[in-house]
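So the structure is just underneath, and the comments pick up after that.
The values are calculated or read from the model by the stated rules, or taken from the named source; none is laboratory data. The structure displayed is predicted, hence computed values, not measured ones. Positions of Cβ are backbone-derived with ideal geometry, glycine not excepted, and every protein chain shown enters the neighbour counts.
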Amino acid sequence: MGYDYSKTVDFFLDWYELNARILPWRSEPKPYYVWVSEIMLQQTRVEAVKGYFERFIETLPDVKALAEAEDDVLLKLWEGLGYYSRVRNMKKAAVRIMEEHDGKLPADYEALCALPGIGAYTAGAIASIAYGLPEPAVDGNVLRVMKRIAGSFDDISKEVVKKDLREDLRAVMPVGRCGDFTQSIMELGALVCIPNGKPLCEQCPVMHLCRAFHEDTIDKIPVKPVAKQRRIEERTVYVMECAGKFALHKRGDKGLLAGLWELPNAEGKQKPEEIAESVPVLTIEELGKAKHIFSHVEWHMTGYYLKLSELLSGYEWKSAEEISREYAIPAAFSAYTKHILSDDNNEE
Ligand code: SF4
């Protein structure tokens with residue numbers, strides 16, 4: 001065993017009882033709800049997830065509905081959350097749950113981990129929160145809080161460090177309150193021992209036990225390797241309009257934003273004169289620059305609004321209303337899709 005967290009448990013639980021936020025997936029922690037919310041919460045703030053969660057559950061209330069959902073419906077429900085492979089994996093997992101687990105998420109950590117898109121963290125969250133099993137959920141927030149308490153300089157990007165913390169927490173999971181314990185650490189990480197900026201130690205229920213606080217090493221823990229520099233890619237993005245319809249293009253099945261709808265775009269920085277040579281333009285208006293950051297690459301974009309004299313082949317041509325209702329376009333293009341989805345274009 002690494003670090004003994006047993007003394008912290010009651011302090012976490014008492015604090016959680018008084019400070020837990022009321023969240024839609026908490027009031028009724030059904031396994032399906034915990035699953036959906038935890039997947040959404042990866043890389044997205046709680047406040048932003050609430051609306052998405054409610055809309056998702058209203059449209060797809062259970063595993064069966066998710067397993068049978070059309071891809072475009074799913075992507076539309078996910079539009080703006082990014083990392084679309086997450087929702088695609090959820091559908092694959094739902095199909096497996098229907099086939100192999102009678103439509104119910106298994107109450108078993110290993111069986112959960114065997115489902116597409118469910119890793120150790122999500123499996124631990126579902127197992128402990130929905131089923132009360134003594135399985136910890138260790139993500140970046142939990143690592144930050146617990147490594148500070150332990151005053152540990154372990155590199156939290158290492159799999160073995162995560163695994164060891166899971167073991168340490170599993171050893172102290174309080175019988176009958178496993179879900180609360182899991183959520184109390186997550187909640188403390190979100191509200192007190194915050195990810196960016198100075199933690200609010202004076203409000204922390206485990207301050208007296210926190211080595212990083214006492215040893216003045218808070219700003220050095222958690223230890224993570226320096227992030228690799230992202231590749232910068234110049235792109236030119238086109239809002240192409242012809243007779244009130246706008247061009248959409250479907251990306252290929254592999255790579256970045258695989259299989260998603262996008263605005264037409266090309267590598268490099270094209271000049272208006274070059275564009276006019278290759279498409280039948282009536283007018284060209286520059287829409288300015290925008291940047292979108294993916295995990296390994298940054299797009300530095302320049303946008304143009306092109307009014308065309310004829311529809312080009314190779315694209316889907318849709319009205320603004322159809323796009324807003326049925327098509328999920330990744331947030332990478334939001335600086336330019338707003339020119340399609342403006343009120344003027346939606347008045348049909
Ligand atoms: Fe985090 Fe401060 Fe609490 Fe330590 S005392 S766990 S650094 S908030």
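Only one entry in 33, 52 is under 13 Å from the mean Cα position of the chain (by Cα) and at pLDDT 95 or above, namely 52. Can you find a residue that is among the acidic types (Asp, Glu) and modelled with pLDDT of 95 or more anywhere in the range 244-257? Taking every residue of the range 244-257 in turn, none turns out to be among the acidic types (Asp, Glu) and modelled with pLDDT of 95 or more.
Taking the criterion of being surrounded by fewer than 21 Cβ atoms within 10 Å (Cβ to Cβ) and touching a residue at least 60 places away in the same chain (Cβ under 8 Å), the residues of the range 114-129 that qualify are 117, 121.
For the range 169-284, the helices (runs of 4 or more DSSP H) that sit wholly inside it and include 1 or more residues that are in contact (Cβ under 8 Å) with a residue 12 or more places away in the chain and within 16 Å of the ligand (Cβ to nearest atom) are 178-191, 211-214. Of all the residues in the range 158-168, those that are in contact (Cβ under 8 Å) with a residue 60 or more places away in the chain, under 24 Å from the mean Cα position of the chain (by Cα) and away from the ligand (no atom under 16 Å from the Cβ) number 0.
When you scan the range 297-314, do you find a residue that is modelled with pLDDT of 90 or more and part of a helix (DSSP H, G or I), even just one? Before you say what the answer is, go through the steps one by one.
Taking the range 297-314 as the starting set, the residues that turn out to be modelled with pLDDT of 90 or more are 297-314.
Next, from what is left, pick out any that are part of a helix (DSSP H, G or I): none.
No, because not a single residue in the range 297-314 is modelled with pLDDT of 90 or more and part of a helix (DSSP H, G or I).
For the range 128-157, the set of residues classified as outside any loop (DSSP other than H, G, I, E, B), more than 16 Å from the ligand (Cβ to nearest atom) and either among the hydroxyl-bearing types (Ser, Thr, Tyr) or over 20 Å from the mean Cα position of the chain (by Cα) (or both) consists of 128, 130, 155, listed by residue number. Tell me whether the range 79-90 contains one or more residues that are surrounded by 17 or more Cβ atoms within 10 Å (Cβ to Cβ) and modelled with pLDDT of 95 or more. Checked against the condition, which is being surrounded by 17 or more Cβ atoms within 10 Å (Cβ to Cβ) and modelled with pLDDT of 95 or more, the range 79-90 yields at least one hit.
Of all the listed residues (235, 231), the sole one being exposed (fewer than 13 other Cβ atoms within 10 Å of the Cβ), of a type in the set (Lys, Arg) and in contact with a strand residue (DSSP E or B) (Cβ under 6 Å, 6 or more places away or on another chain) is 231.
Looking at the range 49-62, can you tell me whether even one residue there is loosely packed, with under 14 Cβ neighbours inside 10 Å, in a helix (DSSP H, G or I) and in contact (Cβ under 8 Å) with a residue 12 or more places away in the chain?
To start, the set of residues in the range 49-62 that are loosely packed, with under 14 Cβ neighbours inside 10 Å comprises 51, 54-55, 58, 61.
This time we only want the ones that are in a helix (DSSP H, G or I), so: 51, 54-55, 58.
Filter again for in contact (Cβ under 8 Å) with a residue 12 or more places away in the chain, leaving 54-55.
Yes: the range 49-62 contains one or more residues that are loosely packed, with under 14 Cβ neighbours inside 10 Å, in a helix (DSSP H, G or I) and in contact (Cβ under 8 Å) with a residue 12 or more places away in the chain.
Checking each residue in the range 181-204 for being under 18 Å from residue 13 (Cα atoms) and buried (at least 20 other Cβ atoms within 10 Å of the Cβ) picks out 181, 182, 183, 184, 185, 186, 187, 188, 189, 193, 204. Somewhere in the range 109-124, is a residue modelled with pLDDT of 95 or more, under 23 Å from residue 66 (Cβ atoms), more than 20 Å from the chain's Cα centre (by Cα) and among the acidic types (Asp, Glu)? The answer is yes; a qualifying residue exists.
Test residue 75 against the criterion of being in contact (Cβ under 8 Å) with a residue 60 or more places away in the chain, more than 16 Å from the ligand (Cβ to nearest atom) and farther than 27 Å from residue 3 by Cα, and give yes or no. Full working, then the answer.
Details: in contact (Cβ under 8 Å) with a residue 60 or more places away in the chain: yes; more than 16 Å from the ligand (Cβ to nearest atom): yes; farther than 27 Å from residue 3 by Cα: yes.
Yes; evaluated as a whole, the condition is true for this residue.
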